[in-house]
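A quick write-up on the structure given underneath.
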Amino acid sequence: MPTTASRSALERALASHGLRLCGGWIPAPRDTLAGLPAGSGAAVVWMVGQVGSECWAAFSNSRFFADGLPDPMDRWSKSIGDALAHAHGGMAVYPSDGPPYAPFQQWARRAEPLQASPLLLQIHPRWGLWHAYRFALVLPDLVAADAQSLSAADAQSLSAAAPARVAADICLSCDGQPCLRRCPVGAFRDGGYDANVCTGHLHQPQGRDCMSGGCLARRACPVAPDLQYQPAHAAFHMRACAGLRWPEPAGRLG
């Protein structure tokens, strides 16, 4: 029998996987969400993700990590999200679901104080660029205390003056924007990202630093440098970016 889960209960369940409940939002009639099991409506959308490499130990020790099948982290996330959704009568939505794809960046901005960065990643005032969303948990029930908390957060966000938001922009106030100067091949220019230039560099000997330690431009961000991904975690994502399989061949990295 599905049960109603409080925010604190979900946080405890996610912590065992190195994941976090990264805020949430209450759907409005304008939001297009698929129907839940038993025809229930959506009462809340919780955003689930990670900060830094908190999830790496749990994922790298899971059965998905080295089974040789595609998309190991996506499948690991799905095993967690689907189990939580089933237990509480809801559904889990993943960034890879689609097309059509759920507007995860818009959803995330409704849950946390995020801003766009020059690297086209969402920057968090506390976590910097070192956070990611694994799935959204859409549930049919919301305990009263959590509903009050989310409603208050929505009201505060809507009442914030636009000039104040601009003045507080993390990246516009950053001295010199070192992230843009650090990319060795200038993949980030004119407000865009040249994926072909980036991945081409990763396949060259000169790209070894990015491949083994993570994107140099991302690592240049001065916000939350202590949360940079561990080398193995960074290398996992960079191999995926370069279109290389996982696990890596013995004795090779990039």
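Criterion applied to PRO113, PRO99, PRO103 was being under 20 Å from GLY52 (Cβ atoms), open to solvent by 30 Å² or more (accessible area, probe 1.4 Å) and at pLDDT below 95, and the one residue passing it is PRO113.
Suppose we keep only residues that are more than 22 Å from the chain's Cα centre (by Cα) and open to solvent by 70 Å² or more (accessible area, probe 1.4 Å) within segment 185-200. Which one would you say is modelled with the highest pLDDT?
The first filter runs over segment 185-200 and keeps only residues more than 22 Å from the chain's Cα centre (by Cα), leaving 185-186, 189-190, 196-197, 200.
If we keep only those that are open to solvent by 70 Å² or more (accessible area, probe 1.4 Å) as well, we get 189-190, 196.
On the way: ARG189: 88, ASP190: 85, ASN196: 94.
Looking at the filtered set, the residue picked out is ASN196.
Here is a yes/no grid of residues against (1) closer than 20 Å to LEU216 by Cα; (2) of a type in the set (Gly, Ala, Ser):
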site: ASP97; (1), (2): no, no
site: ARG110; (1), (2): no, no
site: GLN122; (1), (2): yes, no
site: GLY128; (1), (2): yes, yes
site: PHE135; (1), (2): no, no
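Looking at GLN148, GLN106, just one residue is in a helix (DSSP H, G or I), among the polar types (S, T, N, Q) and within 12 Å of VAL45 (Cβ to Cβ), and that residue is GLN106. What do you reckon, is SER62 open to solvent by less than 40 Å² (accessible area, probe 1.4 Å), assigned to a loop (DSSP other than H, G, I, E, B) and modelled with pLDDT of 95 or more? So SER62 passes the test. Against the test of being open to solvent by less than 20 Å² (accessible area, probe 1.4 Å), more than 14 Å from the chain's Cα centre (by Cα) and either among the hydrophobic types (A, V, I, L, M, F, W, C) or farther than 17 Å from ASP146 by Cβ (or both), the options LEU69, LEU33, LEU10, LEU84 yield a single qualifying residue, LEU10.
Sort out which residues of segment 109-131 are in a helix (DSSP H, G or I) and in contact (Cβ under 8 Å) with a residue 60 or more places away in the chain, and write them in order of number.
Restricting attention to segment 109-131, the residues satisfying the condition of being in a helix (DSSP H, G or I) are 109-111.
ARG110, ALA111, listed by residue number.
Any idea how many residues of segment 171-201 are part of a helix (DSSP H, G or I), in contact with a Pro (Cβ under 8 Å, 6 or more places away or on another chain) and under 22 Å from GLY128 (Cβ atoms)?
Let us first name the residues in segment 171-201 that are part of a helix (DSSP H, G or I), namely 178-182, 195-201.
The next check asks that each one be in contact with a Pro (Cβ under 8 Å, 6 or more places away or on another chain); those that pass are 178-180, 201.
Narrowing the set further to residues that are under 22 Å from GLY128 (Cβ atoms) leaves 178-180.
Selection size over segment 171-201: 3.
The values are calculated or read from the model by the stated rules, or taken from the named source; none is laboratory data. Because the structure is a prediction, the values reported are computed rather than measured. With ideal geometry, Cβ positions are generated from the backbone for all residues, glycine too; neighbour counts draw on all protein chains shown. For accessibility, only protein heavy atoms count, side chains too; no ligands or nucleic acids. Shrake-Rupley method; radii C 1.70, N 1.55, O 1.52, S 1.80 Å.
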